[in-house]
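The values are calculated or read from the model by the stated rules, or taken from the named source; none is laboratory data. Since we're looking at a predicted model, the values are computed, not measured. We place every Cβ from the backbone using ideal geometry, glycine too, and count neighbours over all the protein chains shown.
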Amino acid sequence: MKKVVLLVVLLSLFVGVFAKPVDSHNRFTIPTPGSVAPDLVAQISAAKSAGDILRVQELQSRLDALSGVVRQPALASSVRVEQIDYLPRRADGKSFGADGYVAGTSNFEGAPAVAVSSDGTIFVAYVAKVDDQPHKVIAVAKSTDGGSSWTGIARIVNPDEDLHYPDIAIGEGVQNWVFVSYHTSDNDVQVARFSFSGSGGESYSVDGAAFTGKYNARITVDSDSYYYVYIAYISSSIFDTDVHFAKSTDFGVTWSPMDFTSTGTDYCDIAYLTGGKLAIVTQTSSGETGAIWCAISSDYGSSWSGSEIASSGFQPRIAANGDDAVVVYAYRFSDSDHDIKFVRTTDGGSFWTDGSVDASYFNEKFPDVAAGETGFMTAYWEQGKVKFASLDYDEEYWTTGTDVSDADIAAETYPAIAVSNEIPGGCPVVVWEEAYSAEDHNVRFDKNCCEEISPNLYAFPVEGTAPLDVTFKNQSTGSVDYFVIYFGDGDSSLADSVVHTYTEPGTYTAMLVVSNFCYTETATVEINVGCPEPVAEIWASPSVGTAPLTVYFTDTSTGYIVSRRWDFGDGSSDTAAITSHTYTTEGMYNVSLVVYDACGNSDTAFASIWVYSPTGAQLSVSPDPVGFGEVPVGECASVHLILSNTGDDTLRIDSIKTEGSDFTVIFSGPMFLAPDGTDSVEVRFCPSDTGEIAGRITIFSNDSHSPIKSVVLNGVGTASPMMNLSVTPDVLVFDSVATDECETKRITVRNNGDTPIAVTGLTLVGSGAFTITGHDSFTVDPGSYRYITIRFCPYSSSTEYSGTLFVHTEVGEYTVILVGNVYEELTCVHYGSYEICSNHIDGNRIYGNIRFVNSEGDTIARIGSVGDLGAYIDLDLGAGTGVARFVHEDGSMPYVYGGAFDLTYYGILFRFDPSTSMLPDSIRDRITPDSLLGAPFSYTASLDPAYIDIDDGYWEISGEITINNGPNFIGGIGVHRRSFYDGEVQWFIDDFQIGLWNNAFQFKFRDAYVTGDTIEARRIYLKVNSSLIPSTTFIDGGYFEIDARSLAIYHGELVDLDLAITFPDFVFPAGGHTVGIRRARMRLVWEDGMITRFSGGGRLSISGLMPDLGGDTYIGAYVTIIRDVGMDDVRLEFIGWSPGVPLGNTGFFLTGVFGEVRHITDP
């Protein structure tokens, strides 16, 4: 059993984005059951604990009399309980691995149940098919060494019937017995008992009621020295189906059955809590959509009170530890997705809360649950795997499901779980049925002991000022499978040793969570992060000027500032981090800023503001600061900065400088302004990146008070429209092109935006070996792409050519580097529709570097060597060998095929020669007989040779698989994958068909093509015989047929559809007649976004309508409607008279009337 555990509460860290909605906890209430005689029950409990047999029997008789419980006499069954001391030999190939075998013959063994005695002995009961018995028996095995070896101890045999659904319980006290409940093929619930060695076996029926079926029993015992045996089972009669209860006070010999409710079906379970309290759970309706119902008894089953505890669920199982009980059950999320949920009570069943055990998007069913020393443990089935989860008694969440089974072939039925308390914490033991093959099932098991863990979290330092670096180490001891360190500020780590930085002051509780297979433990450390000393700082602009002077203030203090107070020196104040204040009178003002941090510390900063009368030249700037807003990257925005002289002398501006590469100023200077004069300069913002960008402009003048004045600049760079256009590749390489030869490649211009983008021109500079073919201006629509074709024709032996292509668009300019390499001169020969080029051609033999070139000059494929065998082509044979690489237009060569090939008119057809060791043989296999489909079958799979079409520029590979199972199943599928020179990939399904039950069900389609959101198919066909249609009361033969004779969906829009539907024949009574609808069919044609043709009709048959004429009367009508034409074809029938109307004495009869009008609108 694998030890990989994740806490459900932690799982959201990793897969929260995929999780289902979390269930809110609901509370369910069961009315407190009233005991028939509480004092008497208490006395029975004390006597049972003491093992006082006589006293228990006396008190129980009195309680039975008060509650009306009747103990039936012992009902011995015809079942034999045989003591055995062996198990059938395990089949060859079934060895002990990580998962053990309880039973592993080549016959059927399954439906296991498990229990563990106080000394750690494991008992497993299971259904088995043995060679010497005509019916399935129940075998019981035990292991005294933790599952390493198993010994058979008993076999329960009915010579006339199969035995089903075993459950097992261990009774230890005054007498020691193994109890096994089961039901027979004729649905009688029985209980076998035998000693721990298998001796003394006998079996008794639980319920002697006639004309009822009893099945799916579950058994348990209480924990007293003189213990009772309890059983719950489903009872079904012609009147109702519900859960029944039975109790034995003499160790399984006689039973007192009780029909205490009208609720229950399919599955039930029972658990003993404490002090005479029992709980029974069941589901309220058959299938998956009913509720989970629970009944509680406080007097050893003499009286019951029940209610729903979950609104929807099925397959419930219950376990209890005193008054703490949990019910696990399956929940239907969808047809293919079931979850494991639970409800829990900690007060003996009065109040229940619900939650999830496993709510993944897998399919989980069939949970079982057991109570251990430290918590509840559950095992359940998940898509062929057996999973395990646990819930500590003091926890709220289950651990995440852990794989128990190594393989994923567990049968879709209940696993079983019990807990061995051989060590503290317990060892969960899980057994399950493995579907080794259709007829061969095994009983597998696994056990893993819960090992205690001691959490220990090291942290240093545990206090300091922010930012504080703290080193954490996981120093836990014990068997730790998983851990996580939570730092208390929202971050966490899975590292054993990690340094975490606390950036904000505060008190944090760091927590280490460690867990293993069964345990989850935590350790915490408190981290106190203080504040660094605050340092107050003021930014003010302008600090000098004439009245009225507006000054902008910014708190630029450092530290963890939470509040502040400005004093502007004229009696005004403010608390904002960024503010402004206007001084209306002249004077020197002392401004103060007091800041406070999160820890209560403070600091003060000061600044001086000088307001004076306008004497001399005075510079005023507006706006200040300058904001440009959002500007796309690659574009520019301008703001005119207004410069004014508010003084009484001429202002001279000598220079203006900017800080920040994204800002520029247009200034030719110097600039002169008379008093009250104004002028402006242009400031530009051209962002080079996205995000907020800040800068500064500084003005130098003869202002007698502020000769240097600064203005803040800010703007936001946004994504450019150029980002919506991609030009790829940015480097186009032509490799190994021979002198006087040419090679063509394409550049893709793709529009990823939502508006058309125009390419306004192309400029090519550099070597004349590169040329542009095609248009140099075009428009690229949204979501589309266009090509630029570059041709490379080296004209000399220079080894390398280079050039640059400039792509001019309305959103910007793009560049592509062009590189061409010259290969030694190649010679080409024509073959079919293409050329074969190489540097070594000797007559009809071609060697060396071989290329296949299409009619446009594109190299579509290259042939290289295979191992020690060189590549060559024999033109006389029209064949060759080597490794072929399909070449895409961007120069990539991802597809490699090796071996022998034939030359065809259009390309290369590979043989997949296995001698090359490059590719496997064609996959051809045949298996018969087998039982995969329930009967002998055969299948054939094949992979067709790869094909490279040189002229059309694509590579294709195809294959098919066919399966035949005689008349029950026939089917096949053929698939093609095609990759084009420009990188587009297409899938084709040229044939798919399936037929079941002598073709009573048929489905097929042909020539299907799928790429992205485009689908084309020549035909899609479905036919279902009426015998397969549910609720066929009114169906009278025929079939249901859907025949789509053509289908075309382009980019998600239906473009073309020709659909014909045929319905089965329907009949139903109408008064004294029988009315039938026969041969009903319709046809619909969809073209160009609308219905262009509709036709349909059928025959209405009425029995006895014209009794003088005999037989059924048929009235038929068929109509065709064509768009732009109207009703075009009408056919009417009135037939079916038998023998008909005599035509005089001619011996002829009129048996019907048939009329037809064709093309009535446009004859």
Report whether or not SER784 is within 26 Å of GLY820 (Cα to Cα) and in the same structural domain as ALA861 (by TED's automatic domain parsing).
-> no
Do we have ALA389 as among the aliphatic types (A, V, I, L, M) and closer than 30 Å to ILE168 by Cα here?
-> yes
Being in a loop (DSSP other than H, G, I, E, B), surrounded by 15 or more Cβ atoms within 10 Å (Cβ to Cβ), out of contact with any helix residue (DSSP H, G or I) (no Cβ under 9 Å at 6 or more places or on another chain) and charged (D, E, K, R), is that true of even one residue in segment 615-632?
-> yes
Which condition number in (1) touching a Pro at 6+ places or on another chain (Cβ under 9 Å); (2) of a type outside the set (Asp, Glu); (3) over 30 Å from LEU805 (Cα atoms) is the one that PRO707 fails?
-> (1)
Could you run through segment 259-292 and say how many residues are outside any loop (DSSP other than H, G, I, E, B), over 20 Å from ILE44 (Cα atoms) and over 39 Å from the mean Cα position of the chain (by Cα)?
-> 0
Return only the number of the condition from (1) within 24 Å of the chain's Cα centre (by Cα); (2) outside any strand (DSSP E or B); (3) touching a residue at least 40 places away in the same chain (Cβ under 8 Å) that THR378 does not satisfy.
-> (2)
Does THR558 satisfy being closer than 27 Å to THR507 by Cα, outside the structural domain of LEU457 (by TED's automatic domain parsing) and of a type in the set (Ser, Thr, Tyr)?
-> yes
With respect to ASP354, determine if the residue is part of a strand (DSSP E or B) and either acidic (Asp, Glu) or not assigned by TED's automatic domain parsing to the domain that holds THR284 (or both).
-> yes
Based on what the data block shows, is GLY401 out of contact with any Leu (no Cβ under 8 Å at 6 or more places or on another chain), of a type in the set (Gly, Ala, Ser), within 21 Å of VAL124 (Cβ to Cβ) and in the same structural domain as ALA115 (by TED's automatic domain parsing)?
-> no
PHE351, sole failed condition from (1) closer than 26 Å to ALA111 by Cβ; (2) at pLDDT 90 or above | (1)
Do we have any residue at all in segment 584-594 that's at positive phi, surrounded by fewer than 12 Cβ atoms within 10 Å (Cβ to Cβ) and part of a strand (DSSP E or B)?
-> no
So which residues in segment 171-203 are surrounded by fewer than 20 Cβ atoms within 10 Å (Cβ to Cβ) and farther than 16 Å from SER78 by Cα?
-> GLU172, GLY173, VAL174, GLN175, ASN176, SER195, PHE196, SER197, SER199
Scanning segment 536-550 for residues that are more than 56 Å from the chain's Cα centre (by Cα) and not in a strand (DSSP E or B), the one surrounded by the most Cβ atoms within 10 Å (Cβ to Cβ) turns out to be PRO542
Looking at (1) at pLDDT 90 or above; (2) within 54 Å of the chain's Cα centre (by Cα), can you tell me which one HIS581 breaks?
-> (2)
Note: among ALA320, ALA295, just one is in a strand (DSSP E or B) and touching a Leu at 6+ places or on another chain (Cβ under 6 Å), namely ALA320
Would you confirm whether any residue within segment 717-732 is in contact with a Lys or Arg (Cβ under 7 Å, 6 or more places away or on another chain) and modelled with pLDDT under 80?
-> no
Just one of ASP269, ASP299 is closer than 16 Å to TYR230 by Cβ, buried (at least 23 other Cβ atoms within 10 Å of the Cβ) and at pLDDT 95 or above; which is it?
-> ASP269
What are the residues in segment 421-464 that are more than 20 Å from PRO367 (Cα to Cα), touching a residue at least 40 places away in the same chain (Cβ under 8 Å), out of contact with any Ser or Thr (no Cβ under 8 Å at 6 or more places or on another chain) and among the β-branched types (Val, Ile, Thr), if any?
-> VAL462
Matching residues in segment 295-313 - criterion: being within 25 Å of GLY372 (Cβ to Cβ) and within 32 Å of the chain's Cα centre (by Cα) = ILE309, ALA310, GLY313
Only one of PHE553, PHE606 is on the phi < 0 side of the Ramachandran plot, surrounded by 13 or more Cβ atoms within 10 Å (Cβ to Cβ) and at pLDDT 90 or above; which?
-> PHE553
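Residues checked against (1) of a type in the set (Gly, Ala, Ser); (2) modelled with pLDDT under 95:
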site	(1), (2)
ARG193	no, no
GLY198	yes, yes
ASP207	no, yes
ALA210	yes, yes
GLY213	yes, yes
ALA217	yes, no
VAL221	no, no
ASP224	no, yes
VAL229	no, no
Could you figure out which of (1) of a type in the set (Ser, Thr, Tyr); (2) outside any loop (DSSP other than H, G, I, E, B); (3) out of contact with any Gly (no Cβ under 8 Å at 6 or more places or on another chain) isn't true of TYR331?
-> (3)
Selection count where residues are closer than 19 Å to ASN601 by Cα and buried (at least 19 other Cβ atoms within 10 Å of the Cβ), scope segment 565-578 | 1
